[in-house]
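One structure below.
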Ligand code: NAD
Ligand code: UDP
């Protein structure tokens, strides 16, 4: 198969490209390098089945492919809040351009959506049927609402144009190739612990997240992309999407929920660091808890995470130690 991966030079995208190449596919990796890096994909660049395209998804995309993974979008709060207007554009125009391309070339297209569509949830754990509790005018809104509109576009293209869409809602994912300056909690804590700096807990650290190791997530994304009922997708009755080719949305994440302060203690233990915990102001609209209900992924995709948090953290710590030594 011929794949397009937008945001392919980022953290998740680079692992996905690597896996697709390993599985024998052709990959066009499209990226504007806002948060991605050539270093993430340099090991793929010499391979004949891998092609790199520098492009911004706010502009139309023209390329002949069979399937599209749409990942382009800054994902960490400091990066998506750096230019919030652009973040909304990337989500919305990026989705429109991925869908427009899918319609033209009759490609299947998967959207990397997010648990942020649930906002600060009042249903716990979060099921796909939950509509969310999102502030439309806060600092996280450019990302949350951008991703919500992208989901709307995906389902409207499905209903209106019978485009073969897939939506996965990704919960916090971590692993090698996160940027050390990314600002996300796992990379921050590991980098701080390795350098012996204070570990910055925002708020009292009682807020929870559920952390999925990158290899598990990539497996889930590929299973979702591959999943079909056997019928040609254009023959499905998408007025009843949940009965058809399973466009989703489906939660992909690890249901093991950890308070942020406990994550910090784990990182200190696993790194053997002497770092101290310091408590700082909680950012605006920071969700108090987050944990996926993954019954749908289990039922449809026979998927669940395999990598336990301690094992995943060890691999990630090794990666950051190696990069720190270079
Ligand atoms: P990342 O920042 O490492 O990757 C995003 C990639 O998109 C980068 O390579 C960046 O350069 C590229 N990009 C940004 N704007 C672009 C543009 N205008 N045109 C082309 N490329 C552009 O983040 P990630 O963690 O790998 O996230 C990938 C996707 O998964 C994002 O859509 C994100 O919303 C989603 N997601 C990630 C997580 C997570 O925990 N990592 C959770 C939920 C959803
Ligand atoms: N967080 C923290 N210290 C940090 C970075 C993040 O306590 O140095 C907290 C943050 O406030 C949030 C959680 O960790 O409650 C996860 O933050 P992240 O930015 O990784 O992801 P998101 O909030 O988007 O789930």
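The values are calculated or read from the model by the stated rules, or taken from the named source; none is laboratory data. In this text the structure is predicted, and so the values were computed from the model without any measurement. A quick note on method: Cβ atoms are made from the backbone with ideal geometry, for glycine too, and the neighbour counts reach across all protein chains shown.
A single member of 120, 182 is under 15 Å from the mean Cα position of the chain (by Cα) and at pLDDT below 95, and it is 182. Restricting 105, 117 to those that are within 14 Å of ligand 1 (Cβ to nearest atom) and touching a residue at least 24 places away in the same chain (Cβ under 8 Å) reduces the list to 117.
Remark: pairs (first residue in segment 151-164, assigned to a helix (DSSP H, G or I); second residue modelled with pLDDT under 90; Cβ separation under 6 Å; 6+ apart in sequence or on different chains) = 158/238; 159/238.
Taking the criterion of being buried (at least 18 other Cβ atoms within 10 Å of the Cβ) and under 22 Å from residue 166 (Cβ atoms), the residues of segment 291-309 that qualify are 292, 293, 294, 296, 297, 301, 303, 305. Checking each residue in segment 96-133 for being in contact with a strand residue (DSSP E or B) (Cβ under 7 Å, 6 or more places away or on another chain) and over 16 Å from residue 248 (Cβ atoms) picks out 101, 107, 119, 120, 121, 122, 125, 133. Only a single criterion out of (1) without any contact (Cβ under 8 Å) to a residue 40 or more places away in the chain; (2) out of contact with any strand residue (DSSP E or B) (no Cβ under 8 Å at 6 or more places or on another chain); (3) more than 24 Å from residue 89 (Cβ to Cβ) is not satisfied by residue 136, namely (3). Selection of segment 273-305 for residues being more than 11 Å from ligand 2 (Cβ to nearest atom) and either assigned to a helix (DSSP H, G or I) or more than 25 Å from residue 215 (Cα to Cα) (or both) yields 273, 274, 275, 276, 295, 296, 297, 298, 299, 300, 301.
A single entry from 167, 186 fulfils the requirement of being under 20 Å from residue 250 (Cβ atoms), surrounded by 22 or more Cβ atoms within 10 Å (Cβ to Cβ), in contact (Cβ under 8 Å) with a residue 60 or more places away in the chain and within 16 Å of ligand 1 (Cβ to nearest atom): 167. Kindly establish whether residue 75 is near ligand 1 (Cβ under 8 Å from one of its atoms) and over 23 Å from residue 99 (Cα atoms). Judged against the criteria, residue 75 is not a match.
Among residues of segment 52-65 that are closer than 16 Å to residue 95 by Cβ, those with a beta-carbon under 7 Å from a residue that is in a loop (DSSP other than H, G, I, E, B) and modelled with pLDDT of 95 or more at least six positions away or on a different chain give the pairs 55/32; 56/32; 57/72; 61/55. In the set (1) over 28 Å from residue 214 (Cβ atoms); (2) under 26 Å from the mean Cα position of the chain (by Cα); (3) at pLDDT 95 or above, residue 241 fails one condition alone, (3). Of the listed requirements (1) crowded, with 17+ Cβ neighbours inside 10 Å; (2) within 19 Å of residue 28 (Cβ to Cβ); (3) away from ligand 1 (no atom under 13 Å from the Cβ), residue 47 misses just one: (1).
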